[in-house]
Amino acid sequence: MEQTLVIIKPDGLRRKLVGRIIQRFEEKNLTIREMYQGVMTEEIAQEHYAHLKDKPFFANLVAYMTSGPVVFLLLEGPDAILLVRQMLGATNVLHAVPGTIRGDFACSTTENLVHASDCQENAAIEIQRFFG
Ligand code: UDP
Ligand code: MG
């Protein structure tokens, strides 16, 4: 069993897609271990995306992630980390294929509805950050 951290980003709540996004994880038979709604502070958003701090879009990304409430999910299942990444679709909006969450619902590389941990090391750090 593996655990991964998912965040439904502010546009997911604004667009009222929370239920449909969570439904996909349930349909995949992943287990929701924990879940809550909250608002990311600027400090936490900067920490969460620290690896991108030199990118030109960093300030915009932090502003977006703190622009409204988000939903945090602790998901569990076999190979959950890579499985959920596949379900999200690619970061680049033009590469996010239909059938994925981003491919079906997002039309922006920034406002792309969902975050998920990308490897075991980051999953452990992110689960501790938001559910520790
Ligand atoms: N992002 C952006 N512009 C880019 C690349 C990424 O605004 O050119 C944003 C987008 O919201 C993305 C987040 O920064 O989800 C984190 O980027 P990362 O490369 O880690 O992509 P992810 O892991 O979310 O697919
Ligand atoms: Mg990432």
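Rounded to whole Hz and in sequence order, give me ³J(HN,Hα) for segment 81-86 from the Karplus expression 6.51 cos²θ - 1.76 cosθ + 1.60, θ = phi - 60°, writing x for Gly and Pro.
5, 6, 4, 5, 4, 5
Stokes-Einstein D for the chain at 20 °C, 1.002 mPa s, Kirkwood Rh over Cα pairs, in µm²/s?
Stokes-Einstein gives a translational diffusion coefficient of 145 µm²/s.
So what is the relative contact order for segment 30-100, in percent, with contacts set as C-alpha pairs under 8 Å and at least six apart?
Taking the mean separation of contacting Cα pairs over the length of segment 30-100, I get 42 percent.
If the cut-off is 26 Å between C-alpha atoms, which lysines fall inside it for LYS28, apart from same-chain ones fewer than 8 positions away?
Within reach: LYS9, LYS16.
Tell me, what HN-Hα J-couplings in whole Hz come from the Karplus equation 6.51 cos²θ - 1.76 cosθ + 1.60 at θ = phi - 60° for each residue of segment 40-50, using x for Gly and Pro?
7, 6, 4, 4, 5, 5, 5, 5, 4, 10, 4
List the relative contact order of the chain as a percent without decimals, with contacts defined as Cα pairs under 8 Å and 6+ residues apart.
38 percent
Could you run the Karplus curve 6.51 cos²θ - 1.76 cosθ + 1.60 with θ = phi - 60° over segment 52-67 and give me ³J(HN,Hα) per residue in whole Hz, x for Gly and Pro?
3J(HN,Hα) across segment 52-67, in whole Hz: 10, 5, 8, 6, x, 8, 4, 4, 5, 5, 5, 4, 4, 5, 9, 7.
Fewest Cβ neighbours within 10 Å first, please rank ILE101, ILE32, ILE125 accordingly.
With the sparsest Cβ surroundings first, the list reads ILE32, ILE125, ILE101.
I need ASP104, ASP11, ASP54, ASP79 ordered by Cβ neighbour count within 10 Å, fewest first.
ASP54, ASP79, ASP104, ASP11
State to the nearest 20 debye the size of the charge dipole of the chain about its Cα centre, where the only charges are +1 on K and R beta carbons and -1 on D and E beta carbons.
440 debye
In segment 1-63, what trypsin sites (Lys or Arg not before Pro) fall in a loop by DSSP, with at most 10 other Cβ atoms inside 10 Å?
Within segment 1-63, the qualifying trypsin sites (Lys or Arg not before Pro) (loop, at most 10 other Cβ atoms within 10 Å) are LYS16.
Coordinate-derived values only; no laboratory data. What you see is a predicted model, and the numbers here were worked out from it, not measured in a lab. All Cβ positions, even for glycine, are placed from backbone atoms using ideal geometry, and neighbour counts span all protein chains on display.
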